[in-house]
Amino acid sequence: MDKKVIDIISPSKDRSSFIPALTEAMARKKSKEKNSKEEKREKKIKSETKSVDRQAKKSTPVPRKIILISVFVLVLVSVFVAGSFFFSKVNIKIWPSTQNKATNTTLTVDQSVQNPDFTAKVIPGEILTKEKTATQSFPATGKLLKEEKAQGKITVYNTYSSQPQALIATTRFVSVDGKIFRTPGKITVPGTTYENGKLVPGSIEINVVADEAGSEYNIGPSTFSIPGFAGTDKYTKFYAKSFTSFSGGSSQQSLQITKVDLENAKNTLTNQTKQENEAALKSEIQSSASYLDKAIVTQVLDASTVAKEGDIAQSFDYQVKVSSKTIVFSKEDLNKFSQDFLNREVVSGEKLYLASVKTDLSPQTVNLAAGKIILSLIISGQIYPDINLTDLKNNLAGKSLKEAKLFLEAQSDITKTEVEFWPFWVKRIPENTNKITLEIGISP
C-alpha cells in the first residue's frame, strides 16, 4: 500500500504567514524561468550575429597588402613613439645677469724670451725687418728765360769829307727793315780819298750787336743808316752795308732745377717709400701674430740725386732707400694673458665669460735695438654669477614647458631663457639629466 506524506499544520499555528511565503517562492520561480528564457534568446541572437559576421568576412576578405601596410604603419608609429620617449632631449640656453669689469696693466714683449711668463708679465716677440729702394723721376719747375742777341759785320762808309769821323760806343745803325744794331765800342771812320782822280769814300769794317735779343734780328745782307745824324748833311753821307747774314739771335724759356724741386722730390719719395715698405712689412706678418703701427720704426738709409740746383733740365731722378722694423707677438699669448690676468681679479661667486675678454693696447716704450717693447693694456670683459648648472638641471628635470619657464623666470640671476625640445611636440623635460643641455649665453 502506497504511503502518502501529508504536511500537517498544527491548528494552533497561524496559516496567514504561510501564504505570503508561498506566493514569494512562486514569484521567484517565475522570475528565474523568465530570466532563463531571455538569456537563451540573447545567446541565440549573439550566435546568429557571429554567424553573420563570419559569413560577411568570408564573403569580403581584406586584401593582404592592406593588412601589411596597416601592420607596418602600426609598427612605425610604435617605434616612433617609443623613440620619442627614449631619445627626447631639451636644449636650454640661459642669459645670466652680467656686468663689465675692466683693469689696467702692462705687458713686455721681449725677443730674448722663449715662452710666456704671465706671472712676470712677459711674452715672446720676434723682430721683423724690411728694406726697399725706390727711384723716381721728378719734373723741374724753375723757369729760365735764355736770350741771345744777333751779331754781324758791317762796313761803315764816309762820303762826307776827307776828315775822319769818330763814333761813340753804342752808336746805332738801323737796317732798312727797322732793326737796330749798336757798336760795342768807339770807332773812327776814315775820311775820303782820291785815287786816279776819283773820290774814294773812307770805310771801316766793324762788328755790331742787335739792340734786342731774338731770332728776328738774324737778318740777311742790308743797308744801314745812322739815326744820330738825322737832320744833318751827314745823315746821307754816312751809311753802312752788310754783305753776310747776321746770326746768334734767340729768345727761349728753359726749365731749371730749383732747390725746392730737390727738397720736394726727397720728401715725396721718402714718404711714399716708407708707406710702401711698411705696407710690405705688414703683409708678411702672419694672421696669428699681432703688432702695433706705432711700434713700426722706419729709417732712411739713403736719399740722393746727381742733379744740382740750377741745372737746366726738364726732369731729374731721385733715389731713396729705407728700412722698416717692428716686433710681432702671438695673438694667442696676448689673449691668454688678458684672460688669466682678468680672471684672477674675479671674486668668489662670479665667473668670467672668457669669450667676452677684450684688450686695448698701446706702446708705452719701444726699444727695437734691444728687441723689446712695453705695452699698456686696458683689459675688459663680462662677469656673471656662478650658476650651479648641475642643481639647475636637477630642478628642471621632469617639469613641463610651462613649469620650466616659470621656474627659470623666478631665478633672479637669469635675465633671459630659451627652451628648445626635440622632437618639437615633446613638452616635458626628460627625467634623465643627461638629456638636458644647458648653455650660458652672454649678451654683447
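The values are calculated or read from the model by the stated rules, or taken from the named source; none is laboratory data. Computed from a predicted structure; not experimentally measured. Every residue, glycine among them, receives a Cβ derived from its backbone with ideal geometry; neighbour counts consider all protein chains shown. SASA here: full protein model, heavy atoms, side chains in, ligands and nucleic acids out. Shrake-Rupley method; radii C 1.70, N 1.55, O 1.52, S 1.80 Å.
Checking ILE257 against (1) surrounded by fewer than 17 Cβ atoms within 10 Å (Cβ to Cβ); (2) over 17 Å from THR171 (Cα atoms): exactly one of these is not met. Which one?
It is condition (1) that ILE257 fails.
Taking the range 233-254 only, how many residues are open to solvent by 60 Å² or more (accessible area, probe 1.4 Å), polar (S, T, N, Q) and outside any strand (DSSP E or B)? Outline the logic, then answer.
Looking only at the range 233-254, we keep the residues that are open to solvent by 60 Å² or more (accessible area, probe 1.4 Å), and these are 233, 235-237, 239, 241, 243-245, 247, 251-253.
The next check asks that each one be polar (S, T, N, Q); those that pass are 236, 244-245, 247, 251-253.
Imposing the further condition that a residue be outside any strand (DSSP E or B) reduces the set to 236, 244-245.
The number of residues fulfilling the criteria is 3.
Residue under question is GLU403, and the condition is that it be free of Cβ contacts under 8 Å to residues at least 40 places away in the same chain, part of a helix (DSSP H, G or I) and not basic (Lys, Arg); does it hold? Before you say what the answer is, go through the steps one by one.
Numbers: free of Cβ contacts under 8 Å to residues at least 40 places away in the same chain: yes; part of a helix (DSSP H, G or I): yes; not basic (Lys, Arg): yes.
Yes: the conditions hold for GLU403.
Would you please list the contacts, defined by Cβ atoms under 8 Å and residues six or more apart or on different chains, that run from a residue in the range 270-288 that is assigned to a loop (DSSP other than H, G, I, E, B) to a residue that is surrounded by fewer than 16 Cβ atoms within 10 Å (Cβ to Cβ) and not aliphatic (A, V, I, L, M)?
Partner pairs satisfying both residue conditions: SER288/LYS331; SER288/GLU332.
Which residue out of THR305, THR326 is more than 29 Å from the chain's Cα centre (by Cα) and of a type in the set (Ser, Thr, Tyr)?
Numbers: THR326 fails: more than 29 Å from the chain's Cα centre (by Cα).
When all the criteria are applied, what remains is THR305.
With (1) small (Gly, Ala, Ser); (2) out of contact with any Asp or Glu (no Cβ under 9 Å at 6 or more places or on another chain); (3) under 30 Å from ALA150 (Cα atoms) as the list, and SER250 as the residue in question, which single condition is left unmet?
(2)
Please work out if GLU212 is within 30 Å of SER315 (Cα to Cα) and touching a residue at least 60 places away in the same chain (Cβ under 8 Å). Please lay out each step first, then the result.
On the way: within 30 Å of SER315 (Cα to Cα): no; touching a residue at least 60 places away in the same chain (Cβ under 8 Å): yes.
Considered against the rule, which asks whether it is within 30 Å of SER315 (Cα to Cα) and touching a residue at least 60 places away in the same chain (Cβ under 8 Å), GLU212 comes out as no.
Taking ASN394, is it exposed (fewer than 14 other Cβ atoms within 10 Å of the Cβ), over 30 Å from THR298 (Cβ atoms) and in contact (Cβ under 8 Å) with a residue 24 or more places away in the chain?
Values: exposed (fewer than 14 other Cβ atoms within 10 Å of the Cβ): yes; over 30 Å from THR298 (Cβ atoms): yes; in contact (Cβ under 8 Å) with a residue 24 or more places away in the chain: yes.
So ASN394 passes the test.
Looking for whichever is among the basic types (Lys, Arg), farther than 30 Å from GLN111 by Cα and free of Cβ contacts under 8 Å to residues at least 24 places away in the same chain here; the options are LYS143, LYS186. Which one fits? Lay out the reasoning, then the answer.
Numbers: LYS143 fails: free of Cβ contacts under 8 Å to residues at least 24 places away in the same chain.
Only one candidate passes the filter, namely LYS186.
A quick yes/no check of all residues on (1) modelled with pLDDT of 90 or more; (2) out of contact with any strand residue (DSSP E or B) (no Cβ under 6 Å at 6 or more places or on another chain); (3) under 29 Å from ASN100 (Cβ atoms):
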| position | (1), (2), (3) |
| --- | --- |
| SER356 | yes, no, yes |
| THR359 | yes, no, yes |
| SER362 | yes, no, yes |
| ALA397 | yes, yes, no |
| PHE421 | no, no, no |
| TRP425 | no, yes, no |
| GLU439 | no, no, yes |
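Is there any pair with a first residue in the range 97-124 that is under 30 Å from THR415 (Cα atoms) and a second that is open to solvent by 60 Å² or more (accessible area, probe 1.4 Å) and part of a strand (DSSP E or B) whose Cβ atoms are under 8 Å apart and which are 6 or more apart or on different chains, and what are they?
Listed by first residue and then by second, the contacts come to SER97/THR415; THR98/TYR353; ALA102/ILE378; THR103/ILE378; ASN104/ILE378.
Tell me yes or no: at least one residue of the range 203-216 is open to solvent by 70 Å² or more (accessible area, probe 1.4 Å), in a loop (DSSP other than H, G, I, E, B) and not β-branched (Val, Ile, Thr).
Keep residues of the range 203-216 that are open to solvent by 70 Å² or more (accessible area, probe 1.4 Å), which gives 205, 207, 212, 215-216.
Next, only the ones that are in a loop (DSSP other than H, G, I, E, B) stay: none.
So far as the range 203-216 goes, no, none of its residues is open to solvent by 70 Å² or more (accessible area, probe 1.4 Å), in a loop (DSSP other than H, G, I, E, B) and not β-branched (Val, Ile, Thr).
Can you tell me which residue among ASN100, ASN104, ASN115 is under 30 Å from SER338 (Cβ atoms) and at pLDDT below 95? Don't jump to the end; show me each part of the working.
Working: ASN104 fails: at pLDDT below 95; ASN115 fails: at pLDDT below 95.
None of the other options fit; the residue is ASN100.
In the range 112-125, which residue that is crowded, with 16+ Cβ neighbours inside 10 Å and not β-branched (Val, Ile, Thr) is nearest to VAL300 (Cα to Cα)?
Looking at the filtered set, the residue picked out is GLY125.
Going by the conditions given, is LYS93 over 28 Å from the mean Cα position of the chain (by Cα), open to solvent by less than 70 Å² (accessible area, probe 1.4 Å) and not hydroxyl-bearing (Ser, Thr, Tyr)?
Numbers: over 28 Å from the mean Cα position of the chain (by Cα): yes; open to solvent by less than 70 Å² (accessible area, probe 1.4 Å): yes; not hydroxyl-bearing (Ser, Thr, Tyr): yes.
Yes.
Can you work out which of the residues in the range 387-426 that are within 37 Å of the chain's Cα centre (by Cα) and not hydrophobic (A, V, I, L, M, F, W, C) is farthest from ASP360 (Cα to Cα)?
Step by step, filter the range 387-426, then rank; the result is GLU420.
If a residue must be part of a loop (DSSP other than H, G, I, E, B) and open to solvent by 20 Å² or more (accessible area, probe 1.4 Å), how many such residues does the range 146-191 contain? Walk me through how you get there before you give the answer.
Of the range 146-191, the ones part of a loop (DSSP other than H, G, I, E, B) are 159-164, 168-171, 176-179, 183-186, 190-191.
Checking which are open to solvent by 20 Å² or more (accessible area, probe 1.4 Å) leaves us with 159-164, 168-170, 176-179, 184-186, 190.
Selection size over the range 146-191: 17.
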